[in-house]
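Enquirer: Questions regarding the structure given below will be posed in turn.
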Amino acid sequence: MAVQSQDRKTDASAVSVEGLGKSFGEKVAFADVSFEIGHGEVFGFLGPNGAGKTTAVRTLGTLIAPTSGSAVVAGLPLTPANGAKIRRRIAIVPESPGLYQRLSVRENLECFADLYGTASPGGRITRVLAAVNLADRADDVSGALSKGLRQRVALARALLADPVVLFLDEPTSGLDPVAAQEVLSLIDGLRRDGVTIFLTTHRLEEAERLCDRVAILNTTLRMTGRPAELRDRLFARTLAVRVLSPLDAPDAVFAGAPGVEGWRLADGEYLLTVSDSTVAAPAVTRALVSAGADVLSIGESRHSLQDVYLELIGNQS
Ligand SMILES: Nc1ncnc2c1ncn2[C@@H]1O[C@H](COP(=O)(O)OP(=O)(O)OP(=O)(O)O)[C@@H](O)[C@H]1O
Ligand SMILES: [Mg+2]
């Protein structure tokens, strides 16, 4: 990891993108995209089909040239002259693994190690196979592996190069929940090893669990931030209050409580818009008790990343 630790000391971010865009003729794949990814961060790229995610991965991975803007990838400006150097510092796991079907898992990795010029490939291959829990399948023919196992081989191949930045394009697409879970655990392990990960996904609960920050893309970037930040930026906080019988004078109870900005009744629940639930919840509890109400529950109602996503994408695409 010599290159990696050296880069980490000198660069502020692992990937920095400024006004980046890619068009194919008249067709705009993505436009005016800007973001930064810190070293060791897991950055999620979310967006509907055709949003430009794969094209962005291919652009940052130096497989195609951008049509506008600039980027720094793994410490190097994204220019045609730097292409080979950048490719030595990154790895891409594409949507389909692209293995040689007739070769065994180990033979596949040997081929790619040769291509990458990996030093002492034998030991390295053993290590990456162990990292993806495939040591016992090394001699299996790749074409006979299940989709989930092939995905793991693709991940092993990506790790051969000891990447500073790892691009994963929908790594769990088409996998059953157990296989998806295994791939996610592997990604989590890589994060603990300090690898910076750029991950595209349609699975919002996966992004919510795994990603430090997410960007929501629909040709242009709609929002970037920690999932919790996005929720707070888009939605007012809400307290849901249930009482045994309807309040006689709800306005009198809620309006005077600090932190409460408004209330409404929905499905037998009082939904309070609050500025700060840590202030509002205790105050509302006290107000309810002194009004003689029998409180069944008071809780903050949480918006999921899915709510954020639908708010940004659902009614705009
Ligand atoms: N080589 C190409 N030539 C022309 N148009 C392209 C090319 N590659 C991608 N596009 C277009 O760019 C847009 C973005 O495609 P892209 O594959 O990046 O989307 P995506 O977000 O990865 O979608 P998905 O979730 O379906 O994988 C689409 O409209 C697509 O048709
Ligand atoms: Mg794609």
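We did not get these values from a lab; they are worked out from the coordinates using the rules stated. As the structure is a prediction and not an experimental result, all values here were calculated from the model. Please note: Cβ atoms are built from the backbone with ideal geometry, for glycine as well, and neighbour counts cover all protein chains shown.
Enquirer: So, by mean Cβ neighbours within 10 angstrom, what's the order for 133-142, 155-164 with the highest one leading?
Expert: Top to bottom by mean Cβ count within 10 Å: 155-164, 133-142.
Enquirer: May I pose another question? Work out the count of Lys pairs in the chain where the Cα-Cα distance is under 25 Å, with the pair 8 or more places apart or on different chains.
Expert: Eligible lysine pairs with Cα atoms under 25 Å apart amount to 6.
Enquirer: Also, I was wondering about something else. Any idea what angle helix 277-290 forms with the longest principal axis of the chain, computed on alpha-carbon atoms, 0 to 90 degrees, nearest 10?
Expert: 30 degrees
Enquirer: Say R0 is 22 Å: what FRET efficiency, to the nearest 0.05, do Asp212 and Thr273 get from their beta-carbon distance?
Expert: Rounded to the nearest 0.05, the efficiency is 0.15.
Enquirer: Out of Gly268, Gly194, Gly52, any idea which swings most in a Gaussian network model of the chain, alpha carbons joined below 10 Å?
Expert: Gly268
Enquirer: Quick one: of the DSSP bridges fully inside the chain, what percent are antiparallel, nearest 5?
Expert: 65 percent
Enquirer: So which residue, out of Leu272, Leu115, Leu186, gets the largest mean-square fluctuation from a GNM of the chain using Cα contacts under 10 Å as springs?
Expert: Leu115
Enquirer: What distance in nm separates the simple spin-label points at Arg127 and His202, each placed 7 Å from Cα in the Cβ direction?
Expert: Placing both labels 7 Å beyond Cα along the Cβ direction yields 3.6 nm.
Enquirer: Given the options Asp232, Asp188, Asp176, which has the most mean-square fluctuation in a GNM of the chain, springs set between C-alpha atoms less than 10 angstrom apart?
Expert: Ranking Asp232, Asp188, Asp176 by mean-square fluctuation puts Asp176 first.
Enquirer: Near Trp263, within a Cβ-to-Cβ distance under 11 Å, what is the net charge of the other residues, with Lys and Arg +1 and Asp and Glu -1?
Expert: Surrounding charge for Trp263 is -2.
Enquirer: Per-residue ellipticity at 222 nm for the chain, helices alone: DSSP H runs ≥ 4 residues times -39500 (n - 2.57), over residue total, nearest 500 deg cm²/dmol?
Expert: Values: 12 runs with 117 residues, N = 317.
Only helices count here, giving -10500 deg cm²/dmol.
Enquirer: Something else now. Return the long-range amide H neighbours of Leu168 (sequence gap of 5 or more, or a different chain), with a cut-off of under 5 Å between placed amide H atoms.
Expert: For Leu168, the qualifying residues are Val93, Phe198, Leu199, Thr200.
Enquirer: List the chymotrypsin sites (Phe, Trp or Tyr not before Pro) within region 178-259 that DSSP assigns to loop and that have no more than 11 neighbouring Cβ atoms inside 10 Å.
Expert: When the chymotrypsin sites (Phe, Trp or Tyr not before Pro) of region 178-259 are filtered for loop state and at most 11 Cβ neighbours within 10 Å, nothing remains.
Enquirer: Note down the nm distance, to one decimal, between modelled labels 7 Å out along Cα→Cβ at Asp307 and at Leu63.
Expert: Here the answer is 3.7 nm between the modelled labels.
Enquirer: With label points built 7 Å along Cα→Cβ from the Cα atoms of Ala84 and Ser290, find their separation and express it in nm.
Expert: Using points 7 Å along Cα→Cβ, the separation is 7.7 nm.
Enquirer: Another question about this same structure. Once you keep just the Cα pairs under 8 angstrom separated by 6 or more residues, what percentage relative contact order results for region 2-225?
Expert: With pairs under 8 Å counted, the relative contact order is 29 percent.
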